[in-house]
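Worksheet: one structure, shown below.
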Amino acid sequence: MGNVLKRLADGLIRALEIMMVLCMLVMLVMVFGNVMLRLFFNTGIDLSEEVPRFAFVWMTFLGAIVGMRKRAHLGVDLMVQLLPVAGRRVCWGLSQAVMLVCCIYIVYGTWLQHDIIAGNASPVAQLSMLWVYGVSYFTGAAIGLICLSNLVRLLMGRVPDHELIDVQEEGMEEAREAEHAMQAQTGSQGTQGGRA
């Protein structure tokens, strides 16, 4: 069951990354195309003022989910590194709980303003602003689920020590994975040698 959920989460993150790339392409094509039209033909595309802005909002909110899943958000680990493992577990659990509360407020705040957002339309495309800012429903719920999952794993004792510090230096995660793989391989070779 755990592997199925992990594969599902990985697939969702992959889909979000593709959507982020599409948002970036929309921004690039529309802004660059509008600049070229204004420069060479003294005209422009009216939608190029709104759509790239909306794509940027979506890219930012979707990127927050991807960053949370990959543990790529900025953080300060100066004090946490000084704590023993038990202290790190408490701090990590508290940070996950605080983020979960913030996600609940994001979803609740969006719900409180739902009618106002839905009632406003963009000036050019006449698109309901719910299609733009409604992404906060999805972001708040997705990050909240990640935090809730992390808290459940912590209570079940399934959070490895290296995950208790959320700040990841570039390349450190890959190095840890390679080290774990090498330890597993060395352990299996030792077991085979012991049997021989």
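Every number in this text was worked out from the coordinates using simple rules, so none of it is lab data. Remember, predicted model here, so these are calculated numbers, not experimental data. Glycine gets a Cβ as well: all are built from the backbone with ideal geometry, and neighbour counts include every protein chain shown.
Key figures
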item	result
Coil-residue trypsin sites (Lys or Arg not before Pro) of region 49-141, DSSP, other Cβ within 10 Å capped at 16	LYS70, ARG71
LEU127 long-range amide H proximity, modeled H, under 5 Å	SER122
For region 92-99, Karplus couplings with θ = phi - 60° (6.51, -1.76, 1.60), whole Hz, Gly/Pro x	5, x, 5, 5, 5, 5, 5, 5
Two-site label geometry, LEU148 and ARG71: point separation in nm, points 7 Å out along Cα→Cβ	2.2
For region 2-168, Kirkwood radius (reciprocal of mean inverse C-alpha pair distance, Å)	18.4
